[in-house]
Every structure is written in structure tokens, then in C-alpha cells.
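Below is one structure, written out as C-alpha cells; the observations come after it.
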Amino acid sequence: MRLYIMSEKIFVQKTGSCICGKVKFTVKLDEIPRVFNCHCEDCRKKIGGIISIIELRENAIDLKIDELSVYEHNGGSNNKIKKHFCKICAAPVLTYVQKWDKFYLYAGLLDDISILKKAINIFYEDSHFPFMEIQNSKLKL
Ligand SMILES: [Zn+2]
Ligand SMILES: [Zn+2]
């Protein structure tokens, strides 16, 4: 495990890829990354279930974004959302949310998911599968 110190914070470098392996990346994450499980209808329809995404710091990920396909649409409150996915296997890789001006990485693409120990559930009250009952869904990181 490689550790980096940037802006007095410690980062961990991780690698990841899509299913087919065309998209490969390295990413610098906080020791305790900010992970969100999103239960919203938008994410549900995109991949057929809930998604787990990691909020990225600026310039944290190294990949060739031009090699990804992009689907742009308006989210709630007319915010632009850009979904970047692999052109070949269609695995979702990154989502850009204009409202927060942030990129989010699909957590499952990491080769090693062992550092993802905490997650915040969002849009749980609005929309969640009844079989997916979560206690303390309002816990914050
Ligand atoms: Zn792929
Ligand atoms: Zn969502």
C-alpha cells in the first residue's frame, strides 16, 4: 500500500478497472473514503440496483476520460449529471455532479475494496427496496 501526503492529508493509492479491462485507473483516496450508497430512482434505473460511489478529491483519479462514453442528463433541481462508462462493457466508471462540482467513482471498480468500511446511505427514505432494510440509515461519516 502506497501512502501519499497531500495538503497535510494522507492518501492511499488504489487501482481499478471495468469488467472488460479496457478502462484502468489509479486513484488517490482518503484513508477513510467518503462512500455513499445511493438508493435514488435515477441510480436504480441506471444499474438496476443501489450504487456505491466514492467522492473524489480534485485530480484524484488518473484515467483517460476520452476513452469513456458519456451520458448527460438533468438530475433533481435541473443539475447536470454526466455519467461516464466503458464503451465496451458499459460498466459505470465515474459520475460528475455539477451541483457539487465533484466526480464520484463507482466503488465496485476498485481491485481492492477492503478500505471501504463506512458508507452513508442517501435517498434511502425517498426510495429503497423494501427487502433492503437498513438500521441507522441516517448515520453520517
Ligand atoms: Zn470495460
Ligand atoms: Zn442516486
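The values are calculated or read from the model by the stated rules, or taken from the named source; none is laboratory data. Since the structure is predicted, the reported quantities are computational estimates derived from the model, not experimental observations. Positions of Cβ are backbone-derived with ideal geometry, glycine not excepted, and every protein chain shown enters the neighbour counts.
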Every listed condition ((1) modelled with pLDDT under 95; (2) part of a strand (DSSP E or B)) holds for Lys140 save (2)
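Just checking, does the stretch 13-21 include any residue being more than 16 Å from ligand 1 (Cβ to nearest atom), assigned to a strand (DSSP E or B), among the polar types (S, T, N, Q) and within 18 Å of Asp112 (Cα to Cα)?
yes
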Among residues of the stretch 105-126 being in a helix (DSSP H, G or I) and within 15 Å of ligand 2 (Cβ to nearest atom), the residue farthest from Cys38 (Cα to Cα) is Gly108
Within the stretch 45-67, residues modelled with pLDDT under 90, touching a Lys or Arg at 6+ places or on another chain (Cβ under 8 Å) and closer than 25 Å to Lys118 by Cβ come out as Lys46
Pairs returned, first residue in the stretch 83-107 that is touching a residue at least 12 places away in the same chain (Cβ under 8 Å), second residue that is among the basic types (Lys, Arg) and buried (at least 18 other Cβ atoms within 10 Å of the Cβ), beta-carbon separation under 6 angstrom, 6 or more apart or interchain, are Thr95/Lys83
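Yes/no per residue for (1) within 16 Å of ligand 1 (Cβ to nearest atom); (2) modelled with pLDDT under 95; (3) surrounded by 14 or more Cβ atoms within 10 Å (Cβ to Cβ):
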| position | (1), (2), (3) |
| --- | --- |
| Phe25 | yes, no, yes |
| Ser69 | yes, no, no |
| Lys80 | no, yes, no |
| Ile120 | no, yes, yes |
Scanning the stretch 89-98 for residues that are more than 14 Å from ligand 2 (Cβ to nearest atom) and more than 15 Å from Phe25 (Cβ to Cβ) gives Ala90, Gln98
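Residue-by-condition table, conditions (1) within 16 Å of ligand 1 (Cβ to nearest atom); (2) over 19 Å from Gln13 (Cβ atoms); (3) buried (at least 17 other Cβ atoms within 10 Å of the Cβ):
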{"site": "Pro33", "(1), (2), (3)": "no, no, yes"}
{"site": "Ile50", "(1), (2), (3)": "no, yes, yes"}
{"site": "Ala60", "(1), (2), (3)": "no, no, yes"}
{"site": "Leu109", "(1), (2), (3)": "yes, no, yes"}
{"site": "Glu133", "(1), (2), (3)": "no, yes, no"}
